[in-house]
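In what follows, a structure is listed as structure tokens, so that the remarks can point back to it.
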Amino acid sequence: MSLLRVTNLGKSFGGVKAVDGITFALAAGELLALIGPNGAGKSTTFNMVNGQLKADQGSILLDGQELVGRKPREIWRQGVGRTFQIAETFASLTVIENVQMALLSHDGKLFSTWRRAADHRREDALALLDQVGMKSQADRPCSVLAYGDVKRVELAIAMANSPKLLLMDEPTAGMAPKERNSLMALTKQLVIDRGMAVLFTEHSMDVVFAYADRMIVLARGRLIAQGKPLEIRDDLKVQEVYFGSGKTFEKIAQKAAQVNAAVNKEMSA
């Protein structure tokens, strides 16, 4: 059964159809990659699911509940988390305070002093940080963290509402290859442990082929293909959109298979 069901979704800007009637579904416990060249409509689709843009047409159902027309905060409280291409944290706050602020928001509580806010659900915040490997750095300012660690903090923040669905916009942008694989392996483990669904956009095709369970491909606002990585790898229309003619995803997919094998071996150890 699908956790997220998007049907005939569309959005236009000044007569230009940025997203043109796309339909797809996402199940709990699944990583679904949303890919396509620049201008394909990925960000517009993402922002409609998140409520930052209102769809002109179509439906977005999360566990049978309509999300179209709801504000981002309402959607967040329905169980949708999000990370951004550029990590969104409060640099002046400590790692744990960033997570506590997210917990405060989720609980709908306002505090008049930082001291009281800093005491809010500290153990829950530490548990979230432990899941992303950042518990030992809980009391460090975010401003001194390496970028890969900031991304981990952002992931803990995104999980503060115990999301059913996690939206990840270019999660590995700006990261070194080792950091990319570490973050996505962590995400895959969280999907398994929590049974949540992940919809992510990504330009690094090695990441997509290594970690996505399924892929959907947009071009000029339309969905042109969807399926498992091997099916997308061999899709001639997708290859033409990305490369023109004469090139394929073969080498990228081979590299991704090696990464995936290594990750699966580590996770099962």
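The values are calculated or read from the model by the stated rules, or taken from the named source; none is laboratory data. This one's a predicted model, so the numbers in the text were calculated from it and none came from an experiment. With ideal geometry, Cβ positions are generated from the backbone for all residues, glycine too; neighbour counts draw on all protein chains shown.
Table for the structure above
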{"item": "Among (1) modelled with pLDDT of 90 or more; (2) farther than 21 Å from Glu74 by Cα; (3) among the polar types (S, T, N, Q) - the single one Asn98 does not satisfy", "result": "(2)"}
{"item": "Enumeration of residues in segment 170-223 that are charged (D, E, K, R) and over 19 Å from Met134 (Cβ atoms)", "result": "Glu170, Glu202, Asp206, Asp213, Arg214, Arg220, Arg222"}
{"item": "Any chance Ser12 is within 23 Å of Tyr211 (Cβ to Cβ) and small (Gly, Ala, Ser)", "result": "no"}
{"item": "Some residue of segment 214-232 being in contact with a Leu (Cβ under 7 Å, 6 or more places away or on another chain), of a type outside the set (Val, Ile, Thr) and within 29 Å of Asn98 (Cα to Cα)", "result": "no"}
{"item": "Filter pass, Thr172 being in contact with a Leu (Cβ under 8 Å, 6 or more places away or on another chain), among the polar types (S, T, N, Q), closer than 27 Å to Ala40 by Cα and at pLDDT 90 or above", "result": "no"}
{"item": "Residue match in segment 30-39 (condition: modelled with pLDDT of 95 or more and either in a loop (DSSP other than H, G, I, E, B) or assigned by TED's automatic domain parsing to the domain that holds His106 (or both))", "result": "yes"}
{"item": "Filtered residues of segment 40-59 (kept if surrounded by fewer than 17 Cβ atoms within 10 Å (Cβ to Cβ) and in a loop (DSSP other than H, G, I, E, B))", "result": "Gln52, Lys54, Asp56"}
{"item": "Hits in segment 210-225 - residues which are buried (at least 23 other Cβ atoms within 10 Å of the Cβ) and in contact with a Phe, Trp or Tyr (Cβ under 7 Å, 6 or more places away or on another chain)", "result": "Ile216"}
{"item": "Residue in segment 64-72 that is aliphatic (A, V, I, L, M), modelled with pLDDT of 90 or more and surrounded by fewer than 19 Cβ atoms within 10 Å (Cβ to Cβ) present", "result": "yes"}
{"item": "Residue list for segment 195-207, filter: modelled with pLDDT of 90 or more and either more than 20 Å from Tyr242 (Cα to Cα) or of a type in the set (Val, Ile, Thr) (or both)", "result": "Gly195, Met196, Ala197, Val198, Leu199, Thr201"}
{"item": "Single unsatisfied condition, Arg116 versus (1) of a type in the set (D, E, K, R); (2) modelled with pLDDT under 90; (3) touching a helix residue (DSSP H, G or I) at 6+ places or on another chain (Cβ under 9 Å); (4) farther than 27 Å from Gly174 by Cα", "result": "(3)"}
